[in-house]
1. Can you say whether Ser215 is out of contact with any His (no Cβ under 9 Å at 6 or more places or on another chain), in a strand (DSSP E or B), under 29 Å from Thr146 (Cα atoms) and among the polar types (S, T, N, Q), as far as the supplied structure shows?
2. Which of the following residues is modelled with pLDDT of 80 or more and not hydroxyl-bearing (Ser, Thr, Tyr): Phe90, Phe20, Phe39, Phe43?
3. How many of the residues making up the range 107-135 are free of Cβ contacts under 8 Å to residues at least 40 places away in the same chain and among the β-branched types (Val, Ile, Thr)?
4. Going by the conditions given, is Gly246 buried (at least 17 other Cβ atoms within 10 Å of the Cβ) and touching a strand residue (DSSP E or B) at 6+ places or on another chain (Cβ under 8 Å)?
5. Please pick out the residue among Asn73, Asn109 that is touching a Gly at 6+ places or on another chain (Cβ under 7 Å) and surrounded by fewer than 15 Cβ atoms within 10 Å (Cβ to Cβ).
6. Lys179 - would you say it is part of a strand (DSSP E or B) and touching a strand residue (DSSP E or B) at 6+ places or on another chain (Cβ under 8 Å)?
7. So which of Ser158, Ser208 is free of Cβ contacts under 8 Å to residues at least 60 places away in the same chain, hydroxyl-bearing (Ser, Thr, Tyr), outside the structural domain of Lys123 (by TED's automatic domain parsing) and in contact with an Asp or Glu (Cβ under 8 Å, 6 or more places away or on another chain)?
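The values are calculated or read from the model by the stated rules, or taken from the named source; none is laboratory data. The model shown is predicted, which means the values in this text are computed figures rather than measured ones. Using ideal geometry, Cβ is built from the backbone for each residue, glycine included, and neighbour counts are taken over all protein chains shown.
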Amino acid sequence: MGNRIALDKGRSAYLTGSSFVIPTTSHSYEPELAYGGAFISKFAAADTATIVPSMTKIISFGKNPQVSGVALNFAFEVLPGPGSSLLTGFVNVSVDGSLVDTLSLEGLNGQLAFQVDPLAEGKHVIEADYSGDEHYSASSATYTQTIEGALGSISIVSGNGQTAQEYTAFPKPLVVIVKDTNGKPISDVPIVFAGPIDYSCVCSSVSSGTNGELSITASPEAVGQLTVTAMAQGTTQPSVVFSLTGTNP
């Protein structure tokens with residue numbers, strides 16, 4: 001009897017013929033029906049699902065550069081390509097090539113926040129490696145984080161010792177600078193001025209700029225010797241004092 005292969009509507013393949021002329025390699029087929037010397041053998045059709053590309057990205061919730069001694073907060077997001085299957089698998093998180101955590105994506109829709117312990121000064125590479133699953137390919141992303149020295153001090157650059165009429169701007173701005181413990185200027189440090197003055201700055205926030213400095217325009221709101229304190233949050237030297245004078249109009 002000759003050999004034949006048939007395919008049903010469910011994509012199952014059937015081999016028919018005489019068992020005497022069919023190779024009987026172990027586990028190569030499973031006889032389902034046998035009548036005398038003839039049989040019908042069914043083979044399960046292979047799963048031909050397409051693997052869809054994925055893309056991983058890392059999101060930082062902190063400053064970059066960041067000062068030392070501060071834990072770093074991130075999130076990774078695995079973005080699937082076309083398709084409707086939910087992402088599964090896991091993500092390995094590493095810092096400078098050393099594995100620090102393995103996080104599961106089960107039931108999280110491809111998004112998860114994670115934290116990295118405080119790092120030493122310098123540049124560090126944060127990496128997230130997605131394992132992939134039966135529907136989506138593996139992918140990875142990196143993020144370079146710069147760590148600066150710890151907050152150290154605030155000091156006066158210029159503007160001390162000025163005189164102006166009450167409610168009239170001092171001739172020069174009041175300028176301070178914030179540095180780390182290594183003497184390097186630090187940006188984005190909030191600074192508060194306290195005293196009998198009205199002040200403003202040409203800045204998005206009252207914080208040190210990229211050069212570590214903050215410059216404000218100030219006007220006295222009283223007459224006489226005035227003390228104005230500039231305070232930087234988190235520094236070991238928390239404040240500096242401007243000595244100013246207000247006069248009658």
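1. yes
2. The unique qualifying residue is Phe90.
3. Number satisfying all stated conditions: 1.
4. Judged against the criteria, Gly246 is a match.
5. The match here is Asn73.
6. Yes.
7. Ser208
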